[in-house]
Amino acid sequence: MTSEAPAPAPAPAAPGRIVLLTASHRVAPGLLSWPAWQTLRDADLVVCADADHPQLPYLREAGVTVEHAAPTAQELIDACEGDRTVVVVPSGEGDQALTDGLARLAGSGRVQMPDLELLPGSYDLPGARLLDLVQVMDRIRLACPWSSRQTHEGLAKYGIEEAYELVEAIEDGDRDELREELGDVLLQVVFHARIAQEDQDEPFSIDDVAGTIVDKLIHRHPHVFGDETAETPEDVKAHWLRTKAAEKQRDSVTDGVPLGQPGLALVAKLSSRVRGAHLDVPLPAGEGIGYELLAMAVRAEESGVDPEAALRAAARTYRDAIRAAEGHKD
């Protein structure tokens with residue numbers, strides 16, 4: 001008798017592939033990467049649990065059939081049998097239950113898992129979190145009893161306070177504090193722009209604010225965006241002053257200098273304007289400490305020292321001496 005060789009065991013079914021397709025909510029829906037579009041078109045099944053997902057109209061317009069379903073992890077694995085590819089379009093909050101279920105099954109060792117792939121369909125661009133800030137500010141303006149009642153005039157003092165706190169963080173060299181204070185200053189800009197949207201006569205938005213400064217920066221940097229050349233910081237400053245003068249058409253070099261700023265900073269700014277215009281302006285003579293401080297501030301500015309910062313540094317040293325006299329050990 002001859003014995004027959006045992007028949008080979010059937011090959012296990014190919015487990016297939018599960019693709020979790022993510023997309024940034026900060027990028028316009030429908031703007032997906034080419035690999036994302038290829039995967040969507042080649043998939044055997046595309047599912048999305050969120051019937052109002054912002055990507056769905058664009059996927060359907062592109063001819064991609066999307067099934068509105070919320071499969072369990074096991075159902076998703078079963079749908080991949082036969083080497084099928086299933087694409088999951090997660091909701092904006094993510095599908096935590098599904099991903100946790102897949103992790104549990106993969107860790108059990110009892111289930112033949114499909115290949116799991118996370119495919120980013122779009123990425124955040126630099127500055128994308130600013131969109132979040134605008135959205136958060138819009139919601140706060142509408143829903144917060146305090147924020148909804150604020151005006152430009154009422155917020156003005158906070159802008160001054162935040163600017164001073166930013167300067168202090170810079171002088172302290174505290175990186176964490178610097179990041180936080182920059183955020184607080186940025187909040188003032190976004191808050192004022194949000195209030196400005198509601199003006200009945202001359203509304204403008206944060207986009208108008210950004211557009212204005214972008215245009216200004218491009219116009220005042222012809223050596224970067226145009227045909228001018230600038231080899232030194234002095235050349236750049238000369239470009240800036242020429243374009244600024246042409247834009248403003250001011251009658252006096254003092255125009256645009258805010259008189260409400262601290263006294264030493266005000267004197268330094270006026271002195272800088274005088275030097276830049278090559279004017280010969282004798283210092284006013286008078287009695288009292290004010291005229292003495294005026295002369296000292298002008299002398300500091302002419303020598304390249306910021307008198308406001310210099311006095312602030314001396315004041316901080318004085319503060320430390322006071323604390324030491326009180327017995328504090330910093």
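The values are calculated or read from the model by the stated rules, or taken from the named source; none is laboratory data. Computed from a prediction, not measured in an experiment: that's the story for all the values here. All Cβ positions, even for glycine, are placed from backbone atoms using ideal geometry, and neighbour counts span all protein chains on display. Quick note on the areas: whole protein, heavy atoms, side chains included, nothing else; ligands and nucleic acids left out. Shrake-Rupley method; radii C 1.70, N 1.55, O 1.52, S 1.80 Å.
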Qualifying positions in the stretch 261-275 - assigned to a helix (DSSP H, G or I) and either free of Cβ contacts under 8 Å to residues at least 24 places away in the same chain or among the hydrophobic types (A, V, I, L, M, F, W, C) (or both): L264, A265, L266, V267, A268, K269, L270, R273, V274
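Scan the stretch 212-228 and tell me whether some residue there is part of a loop (DSSP other than H, G, I, E, B) and touching a Pro at 6+ places or on another chain (Cβ under 8 Å). Working first, answer last.
Here is the first cut: in the stretch 212-228, the residues part of a loop (DSSP other than H, G, I, E, B) are 220-221, 226-228.
Cutting the leftovers down to touching a Pro at 6+ places or on another chain (Cβ under 8 Å) gives us 228.
Among the residues of the stretch 212-228, at least one is part of a loop (DSSP other than H, G, I, E, B) and touching a Pro at 6+ places or on another chain (Cβ under 8 Å), which makes the answer yes.
Can you pull out the residues in the stretch 44-67 that are in a helix (DSSP H, G or I) and open to solvent by less than 80 Å² (accessible area, probe 1.4 Å)?
L56, P57, L59
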So R41, is it open to solvent by 70 Å² or more (accessible area, probe 1.4 Å) and either β-branched (V, I, T) or not in a loop (DSSP other than H, G, I, E, B) (or both): yes
Elements of type helices (runs of 4 or more DSSP H) in the stretch 93-207, at least 1 residues being touching a Phe, Trp or Tyr at 6+ places or on another chain (Cβ under 9 Å) and either open to solvent by 90 Å² or more (accessible area, probe 1.4 Å) or in contact (Cβ under 8 Å) with a residue 24 or more places away in the chain (or both): 129-143, 152-172, 175-196
Where a residue in the stretch 238-251 is in a helix (DSSP H, G or I) and its partner, wherever it lies, is hydrophobic (A, V, I, L, M, F, W, C) and open to solvent by less than 90 Å² (accessible area, probe 1.4 Å), with Cβ under 7 Å and at least six apart: H239/A230
Pairs, first open to solvent by less than 30 Å² (accessible area, probe 1.4 Å) in the stretch 76-91, second assigned to a helix (DSSP H, G or I) and among the polar types (S, T, N, Q), C-beta under 8 Å, six or more apart: T85/T39; V87/T39
Any chance A70 is assigned to a helix (DSSP H, G or I), hydrophobic (A, V, I, L, M, F, W, C), over 25 Å from W34 (Cα atoms) and open to solvent by 30 Å² or more (accessible area, probe 1.4 Å): no
Any chance V19 is surrounded by 17 or more Cβ atoms within 10 Å (Cβ to Cβ), part of a loop (DSSP other than H, G, I, E, B) and modelled with pLDDT of 95 or more: no
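Let's see how each residue does on (1) loosely packed, with under 10 Cβ neighbours inside 10 Å; (2) in contact (Cβ under 8 Å) with a residue 24 or more places away in the chain; (3) more than 13 Å from V267 (Cα to Cα):
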site	(1), (2), (3)
A277	no, yes, yes
D280	yes, no, yes
G288	yes, no, yes
Y291	no, no, no
E301	no, yes, no
R316	no, yes, yes
A325	yes, no, yes
